[in-house]
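Student: Got a structure for you, written out below as structure tokens; questions coming shortly.
The values are calculated or read from the model by the stated rules, or taken from the named source; none is laboratory data. Just so it is clear, the structure is predicted and the values come from calculations on it, not from any experiment. Here the Cβ is made from the backbone with ideal geometry for all residues, glycine too, and neighbour counts use every protein chain on show.
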Amino acid sequence: MSNNSTVLVIRHEQCSSLGLLKVAFDQAKIPFVYLDTHRGETLIDPLSYYSHIVVLGGAVSAYEADQYPYLRYEFALLEKAIQQGMPVLGICLGSQILAHVLGGRVYRGELGREAGWCELELTPDGSDDPVLGDLPAQFKVFQSHQDTFDIPPECVHLAQSGKYPNQAFRYREHVWAIQFHPEIDENVLGDCSAVIEQELIDSKIHDTTLEQLLEEARLHSPAVAPLAAQMMWNFLQIPSRRIEKSIPATSVL
């Protein structure tokens, strides 16, 4: 990836950021720009201006496009990027959006919200994956979701947890979806404290507080930080590749 490349980062809440993932950008001197689709922002430059796309999380659901029309714009944008062979990484809501675009089912999980620092395990394919393969076989990382997805057709299952087994997948050699939050430390968590507190209330979680999550963040994020940086570095090395076969159409620009 050349130093002149720019990465497009789609976010769904103003408090969101690359967080711990930004270290890889800084070290490689790779620029990025945020696109706040939730505020009605759309691309000014052509999609070809960007080398990679990162789609961050959010409190809405991928199946709520009727309520949040900007999701339809994202579906079409990501469909086009995937067809063009652009490397794409989706995190939490971003992973659910990619699952939808690639033909998988996204739905409310029956086991309740997965919140806080949770143990994840790579599958054998995950241990050999070019982006996730440098992570330990098991590690703790932040989670905050109740929606989940089925692994879409033609995708490889990469990671699992005890509560929701579909934690990550890869489509071909240029699209990654991860349900967990490698970007989260106490700073990012603090920035989005209002969103996190509301999610705990909505999910009727009474045995976990924001203060507990912040304390756990200070405990666990030093171990997560190098994993997040390595994972993002690996993703930024993925080259764009031309794809001739299109994915199933879900929307149009």
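Student: With the requirement that a residue be more than 15 Å from the chain's Cα centre (by Cα) and hydrophobic (A, V, I, L, M, F, W, C), what does segment 121-150 give you?
Tutor: 122, 135, 137, 139
Student: Next question, about the same structure. If you go through segment 110-133, how many residues are surrounded by fewer than 16 Cβ atoms within 10 Å (Cβ to Cβ) and either closer than 19 Å to residue 158 by Cα or modelled with pLDDT of 95 or more (or both)? Don't jump to the end; show me each part of the working.
Tutor: Let us first name the residues in segment 110-133 that are surrounded by fewer than 16 Cβ atoms within 10 Å (Cβ to Cβ), namely 110-112, 119, 124, 128, 130, 133.
Next, from what is left, pick out any that are either closer than 19 Å to residue 158 by Cα or modelled with pLDDT of 95 or more (or both): 119, 124, 128, 130, 133.
Going through segment 110-133 one residue at a time, the tally reaches 5.
Student: May I pose another question? Looking at (1) assigned to a helix (DSSP H, G or I); (2) at pLDDT below 95, find the lone condition where residue 30 falls short.
Tutor: Among (1) assigned to a helix (DSSP H, G or I); (2) at pLDDT below 95, residue 30 violates only (1).
Student: Would you confirm whether any residue within segment 66-83 is assigned to a helix (DSSP H, G or I), of a type in the set (Phe, Trp, Tyr) and modelled with pLDDT under 95?
Tutor: No; the residues of segment 66-83 include none that is assigned to a helix (DSSP H, G or I), of a type in the set (Phe, Trp, Tyr) and modelled with pLDDT under 95.
Student: Based on what the data block shows, is residue 68 in contact with a strand residue (DSSP E or B) (Cβ under 8 Å, 6 or more places away or on another chain) and surrounded by fewer than 21 Cβ atoms within 10 Å (Cβ to Cβ)?
Tutor: No.
Student: Just a yes or no: is a residue in segment 216-223 at pLDDT below 85 and over 18 Å from the mean Cα position of the chain (by Cα)?
Tutor: yes
Student: Can I ask one more? Looking at segment 163-181, is at least one residue of a type outside the set (Val, Ile, Thr), surrounded by fewer than 21 Cβ atoms within 10 Å (Cβ to Cβ) and closer than 24 Å to residue 218 by Cβ?
Tutor: Yes.
Student: Starting from residues that are among the polar types (S, T, N, Q) and buried (at least 18 other Cβ atoms within 10 Å of the Cβ), keep the ones in segment 71-109 and report whichever is farthest from the chain's Cα centre (by Cα).
Tutor: Taking the candidates together, the pick is 96.
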